[in-house]
Amino acid sequence: MSATALSTITASPIAGALGAEISGVRLSEHLTDDVIAEIRQALLQYQVIFFRDQKLTLEQQIAFGERFGPLETHDFVEGMPDYPQVIRVVREADETTLNFGGAWHADVTHQECPAMGSILYGHDVPPVGGDTLFSNQYLAYDTLSSGMKRMLDGMIAVHSARGPFGPEGRSKDNWKNMRVNTSDKAYDEMEHPVIRTHPETGRKMLFVNKTFTIRFKDMTEQESAPLLNYLFQHASHERFTCRFRWTPGSVAFWDNRAVLHYALNDYTGHRREMYRVAISGDRPY
Ligand code: SIN
(Lines give C-alpha, C1' and ligand atoms only; values in the text may rest on other atoms or scores of the structure.)
Protein backbone atom coordinates (compact mmCIF):
# COMPACT_ATOMS: atom_id res chain seq x y z
CA MET A 1 0.00 0.00 0.00
CA SER A 2 1.33 3.46 -0.82
CA ALA A 3 0.69 6.72 0.99
CA THR A 4 -2.66 8.43 0.44
CA ALA A 5 -2.41 12.20 0.00
CA LEU A 6 -5.67 13.94 0.88
CA SER A 7 -5.91 17.71 0.52
CA THR A 8 -4.17 18.54 3.78
CA ILE A 9 -3.01 15.35 5.43
CA THR A 10 -0.97 12.41 4.15
CA ALA A 11 -1.66 8.89 5.41
CA SER A 12 1.28 6.46 5.19
CA PRO A 13 0.35 2.83 5.92
CA ILE A 14 2.49 1.06 8.53
CA ALA A 15 1.36 -2.50 7.78
CA GLY A 16 -0.54 -4.45 5.13
CA ALA A 17 -3.56 -5.13 7.33
CA LEU A 18 -4.36 -1.76 8.92
CA GLY A 19 -2.82 1.35 10.44
CA ALA A 20 -1.39 4.54 8.95
CA GLU A 21 0.75 7.40 10.20
CA ILE A 22 -0.75 10.77 9.45
CA SER A 23 1.38 13.79 8.69
CA GLY A 24 0.58 17.41 7.88
CA VAL A 25 -1.52 18.28 10.90
CA ARG A 26 -1.02 19.70 14.39
CA LEU A 27 -3.75 18.40 16.69
CA SER A 28 -3.22 21.18 19.23
CA GLU A 29 -4.62 23.73 16.74
CA HIS A 30 -8.25 24.36 15.89
CA LEU A 31 -8.70 22.27 12.73
CA THR A 32 -11.15 23.15 9.98
CA ASP A 33 -14.15 20.91 9.31
CA ASP A 34 -12.46 19.82 6.06
CA VAL A 35 -9.36 18.60 7.89
CA ILE A 36 -11.50 16.79 10.48
CA ALA A 37 -13.37 15.14 7.59
CA GLU A 38 -10.04 14.00 6.10
CA ILE A 39 -8.96 12.54 9.44
CA ARG A 40 -12.28 10.70 9.72
CA GLN A 41 -11.84 9.39 6.18
CA ALA A 42 -8.34 8.12 7.05
CA LEU A 43 -9.69 6.48 10.22
CA LEU A 44 -12.35 4.64 8.23
CA GLN A 45 -9.84 3.61 5.58
CA TYR A 46 -7.06 2.41 7.91
CA GLN A 47 -9.04 1.62 11.13
CA VAL A 48 -6.25 3.07 13.30
CA ILE A 49 -4.24 6.21 12.65
CA PHE A 50 -1.18 7.62 14.38
CA PHE A 51 0.23 11.11 14.76
CA ARG A 52 3.81 11.81 15.86
CA ASP A 53 5.37 14.70 17.76
CA GLN A 54 2.17 16.29 18.99
CA LYS A 55 2.27 18.39 22.15
CA LEU A 56 -1.21 18.18 23.61
CA THR A 57 -2.65 19.53 26.81
CA LEU A 58 -5.62 17.67 28.25
CA GLU A 59 -7.89 20.50 27.04
CA GLN A 60 -6.51 20.16 23.51
CA GLN A 61 -6.92 16.37 23.52
CA ILE A 62 -10.53 16.80 24.68
CA ALA A 63 -11.20 19.48 22.06
CA PHE A 64 -9.80 17.26 19.28
CA GLY A 65 -11.84 14.24 20.47
CA GLU A 66 -15.04 16.27 20.64
CA ARG A 67 -14.78 17.07 16.94
CA PHE A 68 -15.77 13.42 16.33
CA GLY A 69 -18.62 13.23 18.83
CA PRO A 70 -19.39 13.60 22.53
CA LEU A 71 -16.82 12.09 24.88
CA GLU A 72 -17.85 9.60 27.53
CA THR A 73 -16.74 8.84 31.05
CA HIS A 74 -15.64 5.32 31.99
CA ASP A 75 -17.95 3.23 34.19
CA PHE A 76 -15.10 1.95 36.35
CA VAL A 77 -12.02 4.13 35.82
CA GLU A 78 -12.27 7.62 37.29
CA GLY A 79 -11.18 10.44 35.05
CA MET A 80 -8.49 13.00 35.86
CA PRO A 81 -9.31 15.66 38.44
CA ASP A 82 -11.20 18.40 36.54
CA TYR A 83 -11.23 16.26 33.37
CA PRO A 84 -13.65 13.38 33.97
CA GLN A 85 -13.53 12.37 30.28
CA VAL A 86 -9.77 11.66 30.40
CA ILE A 87 -8.50 8.47 31.96
CA ARG A 88 -4.89 8.14 32.89
CA VAL A 89 -3.43 4.79 31.85
CA VAL A 90 -0.30 4.55 33.95
CA ARG A 91 2.16 1.88 35.02
CA GLU A 92 5.00 2.87 37.31
CA ALA A 93 8.54 1.56 36.81
CA ASP A 94 8.36 -0.66 39.90
CA GLU A 95 5.06 -2.37 39.00
CA THR A 96 5.36 -6.02 38.10
CA THR A 97 1.70 -6.97 37.80
CA LEU A 98 -0.58 -6.99 34.75
CA ASN A 99 -0.79 -3.82 32.72
CA PHE A 100 -4.07 -2.11 31.81
CA GLY A 101 -5.27 -3.23 28.38
CA GLY A 102 -2.85 -6.17 28.26
CA ALA A 103 -5.21 -8.54 26.42
CA TRP A 104 -6.84 -8.37 23.00
CA HIS A 105 -10.00 -6.30 23.42
CA ALA A 106 -12.22 -3.52 22.15
CA ASP A 107 -13.01 -0.82 24.71
CA VAL A 108 -16.13 -0.94 26.88
CA THR A 109 -18.15 -3.50 24.91
CA HIS A 110 -20.06 -4.17 28.17
CA GLN A 111 -21.94 -0.94 27.36
CA GLU A 112 -25.14 -0.78 25.35
CA CYS A 113 -23.35 1.62 23.00
CA PRO A 114 -19.61 0.86 23.07
CA ALA A 115 -17.26 3.73 22.21
CA MET A 116 -16.96 4.64 18.52
CA GLY A 117 -13.28 5.39 18.94
CA SER A 118 -10.54 6.06 21.46
CA ILE A 119 -7.71 8.57 21.32
CA LEU A 120 -4.60 7.72 23.33
CA TYR A 121 -1.81 10.23 23.90
CA GLY A 122 1.68 9.11 24.89
CA HIS A 123 2.73 11.47 27.70
CA ASP A 124 5.60 9.46 29.18
CA VAL A 125 6.65 6.41 27.21
CA PRO A 126 9.39 3.84 27.87
CA PRO A 127 12.59 4.15 25.77
CA VAL A 128 11.71 0.79 24.29
CA GLY A 129 8.73 -1.53 24.82
CA GLY A 130 5.12 -0.75 25.69
CA ASP A 131 4.00 -0.91 22.05
CA THR A 132 0.30 -1.20 21.25
CA LEU A 133 -0.93 -3.82 18.78
CA PHE A 134 -4.11 -3.55 16.72
CA SER A 135 -6.08 -6.16 14.79
CA ASN A 136 -8.43 -5.56 11.85
CA GLN A 137 -11.84 -7.15 12.52
CA TYR A 138 -13.08 -6.70 8.94
CA LEU A 139 -10.30 -9.09 7.90
CA ALA A 140 -11.15 -11.40 10.80
CA TYR A 141 -14.69 -11.65 9.40
CA ASP A 142 -13.73 -11.79 5.71
CA THR A 143 -11.37 -14.73 6.24
CA LEU A 144 -13.92 -16.97 7.99
CA SER A 145 -15.35 -19.81 5.90
CA SER A 146 -18.79 -19.31 4.34
CA GLY A 147 -20.21 -21.96 6.69
CA MET A 148 -18.83 -20.22 9.78
CA LYS A 149 -20.07 -16.84 8.56
CA ARG A 150 -23.57 -18.29 8.02
CA MET A 151 -23.60 -19.79 11.49
CA LEU A 152 -22.30 -16.67 13.26
CA ASP A 153 -24.43 -14.22 11.33
CA GLY A 154 -27.55 -14.58 13.45
CA MET A 155 -25.78 -15.23 16.76
CA ILE A 156 -25.78 -12.94 19.77
CA ALA A 157 -22.97 -12.71 22.33
CA VAL A 158 -23.24 -11.65 25.96
CA HIS A 159 -20.71 -9.08 27.20
CA SER A 160 -19.90 -8.11 30.80
CA ALA A 161 -17.23 -6.05 32.59
CA ARG A 162 -16.92 -8.52 35.48
CA GLY A 163 -13.53 -9.93 34.29
CA PRO A 164 -11.61 -6.67 34.58
CA PHE A 165 -13.84 -4.62 36.89
CA GLY A 166 -15.94 -6.94 39.09
CA PRO A 167 -15.14 -6.94 42.84
CA GLU A 168 -13.20 -10.20 42.29
CA GLY A 169 -11.90 -9.14 38.90
CA ARG A 170 -8.41 -8.39 37.63
CA SER A 171 -8.33 -4.85 39.00
CA LYS A 172 -8.19 -6.33 42.53
CA ASP A 173 -4.48 -7.12 42.14
CA ASN A 174 -3.45 -4.87 39.27
CA TRP A 175 -3.47 -1.25 38.04
CA LYS A 176 -2.72 0.05 41.55
CA ASN A 177 -1.74 3.49 40.34
CA MET A 178 -4.91 4.02 38.32
CA ARG A 179 -8.23 5.25 39.68
CA VAL A 180 -10.21 2.04 39.17
CA ASN A 181 -13.45 1.48 41.13
CA THR A 182 -14.91 -2.00 41.13
CA SER A 183 -18.64 -2.44 41.59
CA ASP A 184 -21.45 -4.96 41.24
CA LYS A 185 -22.49 -3.05 38.12
CA ALA A 186 -19.71 -5.03 36.44
CA TYR A 187 -21.97 -8.11 36.63
CA ASP A 188 -24.55 -6.49 34.34
CA GLU A 189 -24.84 -8.26 31.00
CA MET A 190 -25.24 -6.74 27.53
CA GLU A 191 -26.10 -8.50 24.30
CA HIS A 192 -24.44 -7.64 20.98
CA PRO A 193 -24.42 -9.36 17.58
CA VAL A 194 -21.38 -11.59 17.00
CA ILE A 195 -21.11 -10.15 13.50
CA ARG A 196 -21.55 -6.40 13.49
CA THR A 197 -22.14 -4.06 10.54
CA HIS A 198 -20.04 -0.89 10.59
CA PRO A 199 -22.47 2.06 10.68
CA GLU A 200 -20.30 4.21 8.39
CA THR A 201 -18.67 1.79 5.93
CA GLY A 202 -21.46 -0.82 5.83
CA ARG A 203 -18.87 -3.63 6.08
CA LYS A 204 -19.28 -6.62 8.38
CA MET A 205 -16.87 -7.28 11.26
CA LEU A 206 -16.29 -9.92 13.90
CA PHE A 207 -17.37 -8.36 17.23
CA VAL A 208 -16.26 -10.49 20.18
CA ASN A 209 -13.31 -9.99 22.52
CA LYS A 210 -11.71 -11.90 25.35
CA THR A 211 -11.98 -9.13 27.95
CA PHE A 212 -15.74 -8.59 27.79
CA THR A 213 -17.44 -11.42 25.84
CA ILE A 214 -18.47 -14.16 28.27
CA ARG A 215 -20.80 -16.50 26.31
CA PHE A 216 -23.32 -16.80 23.51
CA LYS A 217 -26.96 -15.96 24.24
CA ASP A 218 -29.00 -19.01 25.36
CA MET A 219 -25.84 -21.06 25.89
CA THR A 220 -23.77 -21.78 29.00
CA GLU A 221 -20.23 -20.50 29.36
CA GLN A 222 -18.93 -24.08 29.04
CA GLU A 223 -20.89 -24.63 25.84
CA SER A 224 -19.75 -21.29 24.42
CA ALA A 225 -16.07 -21.60 25.32
CA PRO A 226 -14.75 -23.78 22.45
CA LEU A 227 -16.17 -21.58 19.69
CA LEU A 228 -15.47 -18.33 21.54
CA ASN A 229 -11.87 -19.36 22.16
CA TYR A 230 -11.49 -20.18 18.48
CA LEU A 231 -12.87 -16.75 17.55
CA PHE A 232 -10.64 -14.92 20.07
CA GLN A 233 -7.61 -16.66 18.59
CA HIS A 234 -8.71 -16.06 15.00
CA ALA A 235 -9.48 -12.37 15.70
CA SER A 236 -5.86 -11.60 16.58
CA HIS A 237 -4.08 -13.64 13.92
CA GLU A 238 -0.74 -11.98 13.07
CA ARG A 239 -1.79 -11.28 9.49
CA PHE A 240 -4.61 -9.00 10.66
CA THR A 241 -2.37 -6.87 12.88
CA CYS A 242 -0.09 -3.87 13.07
CA ARG A 243 2.16 -2.72 15.91
CA PHE A 244 2.76 0.86 16.98
CA ARG A 245 5.98 1.93 18.66
CA TRP A 246 5.33 4.91 20.92
CA THR A 247 7.51 8.00 21.03
CA PRO A 248 6.80 10.95 23.35
CA GLY A 249 3.87 12.99 22.07
CA SER A 250 2.49 10.27 19.79
CA VAL A 251 -1.25 9.84 19.42
CA ALA A 252 -3.15 6.70 18.41
CA PHE A 253 -6.77 7.07 17.30
CA TRP A 254 -8.56 3.75 16.73
CA ASP A 255 -11.97 2.89 15.35
CA ASN A 256 -13.17 0.89 18.34
CA ARG A 257 -15.92 -0.71 16.23
CA ALA A 258 -13.46 -2.21 13.76
CA VAL A 259 -10.31 -3.15 15.67
CA LEU A 260 -9.13 -4.99 18.74
CA HIS A 261 -6.06 -3.69 20.54
CA TYR A 262 -3.47 -5.02 22.97
CA ALA A 263 -1.08 -3.07 25.18
CA LEU A 264 2.19 -4.99 25.39
CA ASN A 265 3.65 -5.51 28.87
CA ASP A 266 7.40 -5.67 28.25
CA TYR A 267 8.80 -2.54 29.91
CA THR A 268 9.08 -3.32 33.62
CA GLY A 269 11.64 -0.91 35.08
CA HIS A 270 10.28 2.01 33.07
CA ARG A 271 7.16 4.08 33.57
CA ARG A 272 4.48 4.58 30.95
CA GLU A 273 1.79 7.23 31.27
CA MET A 274 -0.90 7.75 28.64
CA TYR A 275 -4.11 9.80 28.51
CA ARG A 276 -7.19 8.32 26.86
CA VAL A 277 -10.48 9.83 25.75
CA ALA A 278 -13.30 7.77 24.26
CA ILE A 279 -15.91 9.02 21.78
CA SER A 280 -19.49 7.84 22.27
CA GLY A 281 -20.67 5.18 19.87
CA ASP A 282 -23.97 3.67 18.81
CA ARG A 283 -25.83 0.43 19.40
CA PRO A 284 -24.18 -2.38 17.39
CA TYR A 285 -26.40 -4.09 14.77
C1 SIN B 1 -6.14 0.60 26.38
O2 SIN B 1 -6.49 -0.56 26.33
O3 SIN B 1 -6.91 1.52 26.17
C4 SIN B 1 -4.70 0.93 26.68
C5 SIN B 1 -3.86 0.82 25.46
C6 SIN B 1 -2.42 1.12 25.73
O7 SIN B 1 -2.08 1.52 26.86
O8 SIN B 1 -1.61 0.99 24.82
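Please find, among Trp104, Trp175, the residue that is in contact with a Leu (Cβ under 9 Å, 6 or more places away or on another chain), at pLDDT 95 or above and among the hydrophobic types (A, V, I, L, M, F, W, C).
On inspection, the qualifying residue turns out to be Trp104.
Given the criteria exposed (fewer than 14 other Cβ atoms within 10 Å of the Cβ), assigned to a loop (DSSP other than H, G, I, E, B), on the phi < 0 side of the Ramachandran plot and polar (S, T, N, Q), does Ser7 qualify?
Judged against the criteria, Ser7 is a match.
What's the total number of residues in the stretch 196-217 that are under 23 Å from Pro164 (Cα atoms) and away from the ligand (no atom under 15 Å from the Cβ)?
Total satisfying the criteria: 8.
Scanning the stretch 21-65 for residues that are over 19 Å from the mean Cα position of the chain (by Cα) and small (Gly, Ala, Ser), which turns out farthest from Ile119 (Cα to Cα)?
For the stretch 21-65, the residue satisfying everything is Gly24.
Is it fair to say Thr247 is surrounded by fewer than 19 Cβ atoms within 10 Å (Cβ to Cβ), of a type in the set (Ser, Thr, Tyr) and within 14 Å of the ligand (Cβ to nearest atom)?
Here the answer is yes, as Thr247 does meet what is asked.
Which number in (1) surrounded by fewer than 22 Cβ atoms within 10 Å (Cβ to Cβ); (2) part of a loop (DSSP other than H, G, I, E, B); (3) at pLDDT 95 or above marks the one condition that Leu18 misses?
(1)
Select from the stretch 252-285 the residues that are in contact with a Leu (Cβ under 9 Å, 6 or more places away or on another chain) and part of a loop (DSSP other than H, G, I, E, B) and write down the one among them that is nearest to the ligand (Cβ to nearest atom).
Looking at residues that are in contact with a Leu (Cβ under 9 Å, 6 or more places away or on another chain) and part of a loop (DSSP other than H, G, I, E, B), I get Leu264.
State whether the residues of the stretch 175-182 include one that is β-branched (Val, Ile, Thr) and within 16 Å of the chain's Cα centre (by Cα).
The answer is no; no qualifying residue exists.
The values are calculated or read from the model by the stated rules, or taken from the named source; none is laboratory data. What you see is a predicted model; the values in this text were computed from it and never measured. Counting neighbours? That spans all protein chains shown, and the Cβs are built from the backbone with ideal geometry, glycine included.
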